[in-house]
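For reference, the structure discussed in these notes is given below.
Values in this text are rule-based calculations from the coordinates and carry no lab data. The structure displayed is predicted, hence computed values, not measured ones. Because the Cβ atoms are built from the backbone with ideal geometry, glycine has one as well, and the counts that use them run over all protein chains shown.
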Amino acid sequence: MEKTRPSVPPIIIESTTKTIEPSLFEQVKEYASNRIELAKIELIENSSHAVAGAMIGVVTVLIGLFILIFLSVGLGLYLGDVLDSRLNGFVIVAGIYLLLVILVLVLRKGVIESKIIDIQIKKFFSSKLP
């Protein structure tokens, strides 16, 4: 013996679907609008962090350069006094910088580049984690 389901009058089905559909459509529309707004806010936040980080980096590099210049001049003058020749003191400081440049050029692909990439990847993923 088969059981039959009680039939619902078509008027009720039509009226419920008509009231559900606009509500569901409005919710989807509101959800999409909220997601777009969230994406905009996240973009603004991420770009603000990037700009702030870049500005801090520039200021840090400038201060570091000033410190390096003053220390280099001081070391050149000191070595010039020790060697009784300022020229020789500054030539030695220039030689130290030349050795540093050669060292950076030799190590840039293997050591330096990989370290910078690792730091950037860690920085990127640490900002994405909740």
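For the reader, a short list of remarks on this structure follows.
- For a label point 7 Å along the Cα-to-beta-carbon line of Ser85, residues of the stretch 96-121 with backbone N under 17 Å: 96
- Protection-proxy order for peptides 100-109, 86-95, each taking the mean of Cβ atoms within 10 Å per residue, highest first: 86-95, 100-109
- Relative contact order (%) - the stretch 53-130, alpha-carbon pairs under 8 angstrom, separation at least six: 15
- Label separation (Gln120 vs Ala52): 2.2 nm, computed from points 7 Å beyond Cα along the C-beta direction.
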